[in-house]
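Chemist: The structure follows.
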Amino acid sequence: MAVLLALTFAAITQRLKSAPRQMVVVEMQVALPLFVQVFLAMGDRYLAANIAAIRALVVSTEKMKPEDYAILGKVQKDVSWLNPAHEDNYYIAFAILPQYGEVDATQTILARASRVRFFDYQPAFFYGFNQWYYKHDPAGAAAWMREAALKLPDPDQQLTMQNMAARWADKAQDTELAIRIVEAMVKEARRKDFRVYLEQRVARLRQLQQLKMAAESYHERFGAPVPNLQELVNSGILPALPQDPFGFGFGFDRQGNIALRTSPPPS
């Protein structure tokens, strides 16, 4: 009987060796409920946050499927709820999650970190970048850049980030909103030269608003989009084209809308 069992075991083992194996990926298949995570950490929410953060840190992303990133986003959102000040968590979330479609999860993590890490400009900076690059929301991005600037200790670095915020506000579809954002920055500016610079940005935004309104009038009068800016003068709608204080002037974007130039027009 023993010999028969041994022969049967050997035959089954040999057959299993040649059988195709299903690849098992256990990188990110489940996100435990928060109360379970805290219970397993003996009631210590910060220990639970560290355990989940380590799990997110060591995960092998090249083995993950698209649906696994939603679980990773949930795990990292849980960390941000357990310990919103966790630096590794927000940094890893920004580095990985947005490029795999988990932008909303990343923004939740960054917003929580920004609220509690009052000394750290990076969560607000990363949030603003995501609003600009992934959400296509220049006005929202500018607001978060202004918040990040306030957390920088160096005045020159603050000016650099505030300038970035002002430049992003220029791209907002709602020109009136962009004007209000930059006007608020004018009131907050401490250096006179920077305040003058921002006032010039407000002036060109108002010129852009004037051109947009003139283009609407042209369309209403002639039933067609304005073919070029000079036609606004030729048609009598404007006495003259506004003079951009930066010298870059105005043009049309890819969608045919009047927009600010960011460089001098080609000669």
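Chemist: Give me D for the chain in µm² s⁻¹, whole number, from Stokes-Einstein with Rh from the Kirkwood sum over alpha-carbon pairs, 25 °C and 0.890 mPa s. Kindly include the intermediate steps, with their values, before the conclusion.
Modeler: On the way: Rh = 22.8 Å.
For these conditions, the coefficient is 108 µm²/s.
Chemist: So, one more: Classify the range 29-115 as rounded, prolate or oblate from the Cα gyration tensor: take a ≥ b ≥ c as the square roots of its eigenvalues, call it rounded if a/c is under 1.5, otherwise prolate when a/b beats b/c and oblate if not. Can you show the working numbers first?
Modeler: Details: a/c = 1.90, a/b = 1.28, b/c = 1.49.
Since a/c reaches 1.5 but b/c is at least a/b, the shape of the range 29-115 is classed as oblate.
Chemist: Specify the angular offset, from 0 to 90 degrees and rounded to the nearest 10, of the alpha carbon long axis of helix 138-150 from the longest principal axis of the alpha carbons in the chain.
Modeler: 80 degrees
Chemist: Using Cα atoms only, what is the angle between the long axis of helix 45-58 and the major principal axis of the chain, expressed in degrees (0 to 90) to the nearest 10?
Modeler: With rounding to tens, the tilt is 90 degrees.
Chemist: Compute the relative contact order of the chain as a whole-number percentage, counting only Cα pairs closer than 8 Å that sit 6 or more residues apart in sequence. Walk me through the intermediate numbers first.
Modeler: On the way: 294 pairs, mean separation 22.6, N = 267.
The normalised contact order for the chain reaches 8 percent.
Chemist: Just want to confirm a number: the relative contact order over the range 204-267, from Cα pairs under 8 angstrom separated by 6+ residues, in percent. Could the numbers behind the result be given before it?
Modeler: Details: 57 pairs, mean separation 17.2, N = 64.
Over the range 204-267, the number comes to 27 percent.
Chemist: Of 65/135; 135/187; 151/212; 77/171; 77/135; 151/192, which pairs sit farther than 26 Å apart, going by alpha carbon to alpha carbon? Can you show the working numbers first?
Modeler: Working: 65/135 23 Å; 135/187 28 Å; 151/212 36 Å; 77/171 31 Å; 77/135 19 Å; 151/192 21 Å.
Violating the 26 Å limit, Cα to Cα: 135/187; 151/212; 77/171.
Chemist: Another one. Using 16 Å as the cut-off for backbone N distance, which residues of the range 85-101 belong to the label zone defined by a point 7 Å from the Cα of residue 119 along Cα→Cβ?
Modeler: The answer is 85-88, whose backbone nitrogens lie closer than 16 Å to the label point.
Chemist: Along each principal axis of its Cα atoms, how long is the range 172-265 end to end? Whole angstroms, biggest number first, please.
Modeler: Here the Cα extents, ordered largest to smallest, are 47, 26, 24 Å.
Chemist: With axes computed from alpha carbons, what is the tilt in degrees of helix 2-18 against the longest principal axis of the chain, rounded to the nearest 10 within 0 to 90?
Modeler: The angle comes out at about 20 degrees.
Chemist: Only sites in a loop by DSSP and with at most 16 other Cβ atoms within 10 Å count here; which chymotrypsin sites (Phe, Trp or Tyr not before Pro) in the range 80-166 make the cut? Show your work: numbers first, answer last.
Modeler: Numbers: sites: 81, 90, 91, 94, 100, 118, 119, 121, 125, 126, 127, 129, 132, 133, 134, 144; in loops: 118, 119, 121, 134.
Counting only loop positions with at most 16 other Cβ atoms within 10 Å, the chymotrypsin sites (Phe, Trp or Tyr not before Pro) in the range 80-166 are 118, 119, 134.
Chemist: Okay, next question. When 79, 233, 59, 182 are ordered from fewest to most other Cβ atoms inside 10 Å of their Cβ, what list results?
Modeler: Values: 79 28, 233 13, 59 19, 182 25.
Ordered by Cβ neighbours within 10 Å, fewest first: 233, 59, 182, 79.
Chemist: Of 262, 106, how do they rank once you tally other Cβ atoms within 10 Å and put the fewest first? Show your work: numbers first, answer last.
Modeler: Values: 262 11, 106 26.
Ascending Cβ contact count within 10 Å gives the list 262, 106.
Chemist: Further, regarding this structure: What number, in percent, do you get for the relative contact order of the range 29-115 if the mean sequence gap of Cα pairs under 8 Å and at least 6 apart is divided by its residue count?
Modeler: On the way: 89 pairs, mean separation 25.1, N = 87.
After rounding, I find 29 percent.
Chemist: Also, I was wondering about something else. Give the long-range amide H neighbours of residue 259: residues separated by 5 or more places, or on another chain, with amide H under 5 Å away, using H modelled in the peptide plane at 1.01 Å from N.
Modeler: For residue 259, the qualifying residues are 251, 252, 253.
Chemist: With charges set only on the Cβ (+1 for Lys and Arg, -1 for Asp and Glu), what does the dipole of the range 29-115 come to about its Cα centre, in debye to the nearest 20? If you can, show how the numbers build up before the last one.
Modeler: Working: 8 positive and 9 negative charges, 29 e Å.
Here the size comes out at about 140 debye.
Chemist: For the chain, with only Lys/Arg (+1) and Asp/Glu (-1) charged at the beta-carbon, what is the dipole magnitude about the Cα centre, in debye rounded to 20?
Modeler: On the way: 30 positive and 27 negative charges, 66 e Å.
Dipole about the Cα centre, nearest 20: 320 debye.
Chemist: Among 64, 161, 1, which comes first, then next, by fewest other beta-carbon atoms within 10 Å?
Modeler: So the residues, fewest neighbours to most, are 1, 64, 161.
Throughout, read-outs are computed from the coordinates displayed, never taken from laboratory work. Computed from a predicted structure; not experimentally measured. Neighbour counts run over all protein chains shown; Cβ positions are idealised from the backbone, glycine included.
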